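Here's the structure, in structure tokens; my notes come after.
The values are calculated or read from the model by the stated rules, or taken from the named source; none is laboratory data. Here the structure is a predicted model, which is why all the values come from computation and not from measurement. Cβ sites come from the backbone with ideal geometry, for glycine too, and all protein chains shown count toward neighbours.
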Amino acid sequence: MDNFINKYISISNELFQFSNVQLEKTIEFIHGKEEKFTTREIGILKLTKNLIECFSVLEHLLKNHSLQAILSMHRTIIDNYSVLYLITEKGTLLEKDIRYKLFLLDAINSKHEVVNKFKKDSEKDPKKYNLEDNNKAIEKDLRNKRKFNLDLEKFVNNKQLAKNILTQNNWKFKDILNNGKQQNKNRYNWIDLYQIARIPEHHSFVFQKYYSSFTHGLGLSIFTREENEILPFIATTYTTTALIGTITIEMLIKHFKINTRKANLSKNLESSFVYANKLWPSTNS
């Protein structure tokens, strides 16, 4: 059994390494062309770079067989990938652009709330904190917030976006024109996002329910495990992360119309795409 698992880990690691190299090459090819990109395309690029950084950390953790850290980082990667997929693939071009602006607006509002609270608390001890920097951050956030609100109000006025979605910064909306009072029903949950991102239902459930225990340091994270119990998690992590990397490459090639030969990408990528689509079929969303 151990020999089988070790062989599986070795093969999975090769897939992981291959997808990492190809993803980095893809980003290198795109890099430097940002002046031609839309705001959303720049966001796609940044989110992909975040993934690559997480892959690097995960690789180190996998070598050390640290299950708590592995599953926590893997869950982070899955969440980041699912958001990237939603913004890149889900809906019409108009829906994607609106969703991305709501995504940024939600981030600005969250940051503004934190910085504003920090500013109020730090006023009690002005020697300890730089209030000028806090004020600048707040002013910048308010300018950005006004800009995005004005942009999105145009879509509301043209009846291309429901007002409630805008007021709640609901970038996880299911129906862009749903103006009902119960916006919680018009919002994808994380398992929904996983499945939109082609992650099968059984995997989605495990990632959301089981991995959360490790991410949040709950009871399951302190159970003692033998080495042979950890190895299957390592193999699965290599494989699923390789699939995430491969699907991300496929998205980037399609979205940015990348010539794979000019980007010096491997001819074996096509086989990887077929393999990924077999395990995690496209939903054509």
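Brief remarks follow.
- Residue check for Gly180: more than 16 Å from the chain's Cα centre (by Cα), under 16 Å from Ser72 (Cα atoms) and either of a type in the set (D, E, K, R) or in a loop (DSSP other than H, G, I, E, B) (or both): no
- Residue check for Trp171: closer than 27 Å to Ile44 by Cα, aromatic (Phe, Trp, Tyr), touching a Leu at 6+ places or on another chain (Cβ under 6 Å) and in contact (Cβ under 8 Å) with a residue 40 or more places away in the chain: yes
- The listed residue being at pLDDT below 95, touching a His at 6+ places or on another chain (Cβ under 8 Å) and either of a type in the set (Val, Ile, Thr) or within 30 Å of Ser212 (Cα to Cα) (or both), out of Ile108, Ile138, Ile44: Ile138
- In the range 139-150, the residues that are free of Cβ contacts under 8 Å to residues at least 40 places away in the same chain never reach a residue that is surrounded by 14 or more Cβ atoms within 10 Å (Cβ to Cβ) and among the small types (Gly, Ala, Ser) with C-beta atoms less than 6 angstrom apart, at least six apart or across chains.
- Filtered residues of the range 137-167 (kept if farther than 19 Å from Leu94 by Cβ and either β-branched (Val, Ile, Thr) or in a loop (DSSP other than H, G, I, E, B) (or both)): Ile138, Thr167
- Residues of the range 47-82 classified as free of Cβ contacts under 8 Å to residues at least 60 places away in the same chain, part of a helix (DSSP H, G or I) and among the small types (Gly, Ala, Ser), total: 2
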